[in-house]
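Visitor: Have a look at the structure that comes next, please.
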Amino acid sequence: MVRSAIDPIRPGASLILAWQIKHQHVLIIGGGFVAAGRLVNVLEADAKVTVICPENEELSETVRRHIQDHQETTRLVRRPFQDSDLTTRFGEHAVSSSSSTGTSERGNTTQTIPNGQIRNNHGENHNDYQEQAVNMVLSAIDDIPLSTHIYHLSKRLRIPVNIADVPTQCDFYFCSTHRDKSLQVAVSTSGKGPKMANLIRRLIADHLPDRIGDAIDQVGTLRAELRKLAPGPEVGPKRMQWMSRVCEEWKTDDLAELDHKSIQVVLSGFKDNVVYSHCQVQEKLREESEADIRQKSSTTTNADLAMADVETDSSESKQPRQKRKPARLILVGAGPGDLELLTRKASRLIEEADLVVADRLIPMEIIDLAKGEVRIAPKKRTTLPVESNPWDSVPASTSSDYVQEQLNEWCLQGLREGKTVVRLKQGDPFIFGRGAEEILYFREHGFEAETVPGISSALSAPLAANIPLTHRGSADQVVITTAQAKGGVLPDNFPVYDIKRTVVILMGVGKAKEISELMQSEKLGWPADVPAIIVENAHCERERVMDATLVTLEQVVEEQKAVPPAVFIIGWAGNVLRRT
């Protein structure tokens, strides 16, 4: 008998699943660093959460803030754990530590009875597993005997349980996850190397295509529309195969740009089992637009057309033919990302430009102002190849210098063709925007650049966090620096401590630990408790403000999973308006 080549079973793995716990009750015991990470995970999964932590134990700032901000779905019980907590419904936990059974917030009482059933004071029994008072238990405390007790009690009640840092007492492990809208990428080491999982997760996230979350959301919309178009189970295989071809043949950036009109064009090919390419869809949309214009134009009367011809002939006879405009280069600051914070001059120049060459972080709503050609900076890569474009010759090991050279070449190409070129830069061109470098480059090639200022995130991010960079009696000096000097290292002239100095650090998320240690060093002398505020995506849709001190800066960045672009504001000015 000949056996087929089947991969052998490799024991020892975990079964990785996407657990749906929406509206289910999760019990977290503990309120420190580990509990903070657990709380973020389950709140993002739309669970209801009870946090139990004794009065004499300090709460993590993350735990405190999320409980304050999500009062409908979180409860804080400030007392030691009681056995009855595992059989108490959300919002009904007794806060007294004198007994294991007490009066709830709603005036109900609960008690444990055999087989893990739940009985409330209305005499109702709840035997169904789905109706359990607690659906998941997460112990995040440094108390081995109590954690072991919680584990065995949870197992007896058939409640899934995770005891932090004790793999043998875990029904499941927490993965290191990267999330972009509907996309979630999970990395598990089966509880053996959490830090390694974090490093691997970051490596994967760094090499995911830009806007992959948007692309997945738009594919979801396309699938939903396809199911409406062809709902029957008999066409299920055709639907799956056709959708697979769309995902394989379209680029991520193009999928992210799908809208209602383009989705309808894509769907029009399903009947004949045809997958139109992005270029074909754009061409069909152009044809439809031109047809609409022709239809509207056909309603114009012959008299109107004749009058227009007369006026045109008259104006041309009175005015000489205009000469071709000379090439023009303008460095335009796009501000922090909010369309309404773009200057009127910047907005006009973007609309009038023949070619807009833009930084990658600039939001699409600003880039969409352009009526001419648009080229966006390729993503910086370290190992994976950059997806090729007709005008993209960036090598696989793309660095920031290579990207800069590509942007310069695009601008130079447009200028040599006599175009008006807008070089659209995030923030302000001259505040860590390499604007002066570009002006010198184009000057060497015979072109003089104009500049239009933009609001730098170094100045706007503090406003988003309600921090005055200067304040009489608190701060009379501001230092703006970067965490990414030439070569990607911290600058060697970081500011020394001054009680009235505010330091704004750009591009510091990946170097939070180094910044914290350097500023607290004997050389610089910054106090450990000085406020350090993190502002992520200032003035954009995903803006977040996170409070920390210099000593907790790295912890908060890790707990909150802060991502670029983000600004650090360090100094006592952070307490002027944000003092609790």
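The values are calculated or read from the model by the stated rules, or taken from the named source; none is laboratory data. Small disclaimer: the values here were computed from a predicted structure and weren't measured. A quick note on method: Cβ atoms are made from the backbone with ideal geometry, for glycine too, and the neighbour counts reach across all protein chains shown. Only protein heavy atoms, including side chains, enter the accessible area calculation; ligands, DNA and RNA are left aside. Shrake-Rupley method; radii C 1.70, N 1.55, O 1.52, S 1.80 Å.
Visitor: Taking H placed 1.01 Å from N in the peptide plane, check which residues at least 5 places from G191 or on another chain put their amide H under 5 Å from its amide H.
Guide: For G191, no residues qualify.
Visitor: Rounded to the nearest 10 Å², what accessible area does K513 show when all protein chains are kept and the probe is 1.4 Å?
Guide: Using a 1.4 Å probe on the heavy atoms, I get roughly 110 Å².
Visitor: Going through the cross-link list K22/K513; K345/K500; K371/K425; K251/K371, which pairs have a Cα-Cα distance over 26 Å in this structure?
Guide: K22/K513; K345/K500
Visitor: In the full protein assembly as shown, how much of C175 is accessible to a 1.4 Å probe, in Å² to the nearest 10?
Guide: Estimated to the nearest 10 Å², C175 gives 40 Å².
Visitor: Sticking with this one: Please list C170, C53 in order of solvent-accessible area, largest first, computed with a 1.4 Å probe with all protein chains present.
Guide: C170, C53
Visitor: Okay, moving on. Rank these by accessible area, largest first, 1.4 Å probe: E554, E541, E444.
Guide: E541, E444, E554
Visitor: Something else: Using +1 at the Cβ of each Lys and Arg and -1 at the Cβ of each Asp and Glu in region 197-278, identify which of A256, A205, V275 lies farthest towards the dipole's positive end.
Guide: Positive-most Cα among the choices belongs to V275.
Visitor: Quick one: order Y402, Y497, Y441 from most to least accessible surface, probe 1.4 Å.
Guide: Sorted by accessible area, descending: Y402, Y497, Y441.
Visitor: Can you give the accessible area of R211, probe radius 1.4 Å, in Å² rounded to 10?
Guide: For R211, the solvent-accessible surface is approximately 80 Å².
Visitor: Further question: Just how far, in whole angstrom, is region 137-181 from region 516-566 if you go by their alpha carbon centroids?
Guide: The distance from the Cα centre of region 516-566 to that of region 137-181 comes to 30 Å.
Visitor: Follow-up question, since we're still on this one. Nearest 0.05, what FRET efficiency do E517 and V545 give at R0 = 22 Å with Cβ-Cβ as r?
Guide: FRET efficiency, E517 to V545: 0.40.
Visitor: Suppose all protein chains stay in the model; what accessible area per residue would a 1.4 Å probe give for region 489-556, in Å²?
Guide: So region 489-556 comes to 46 Å² accessible per residue, rounded to a whole number.
Visitor: How large is log10 of I(q)/I(0) for region 167-238 at q = 0.19, 0.20 Å⁻¹ when the intensity is taken from the Debye formula with one equal scatterer per alpha-carbon?
Guide: The calculated log intensity ratios at q = 0.19, 0.20 Å⁻¹ are -0.81, -0.84.
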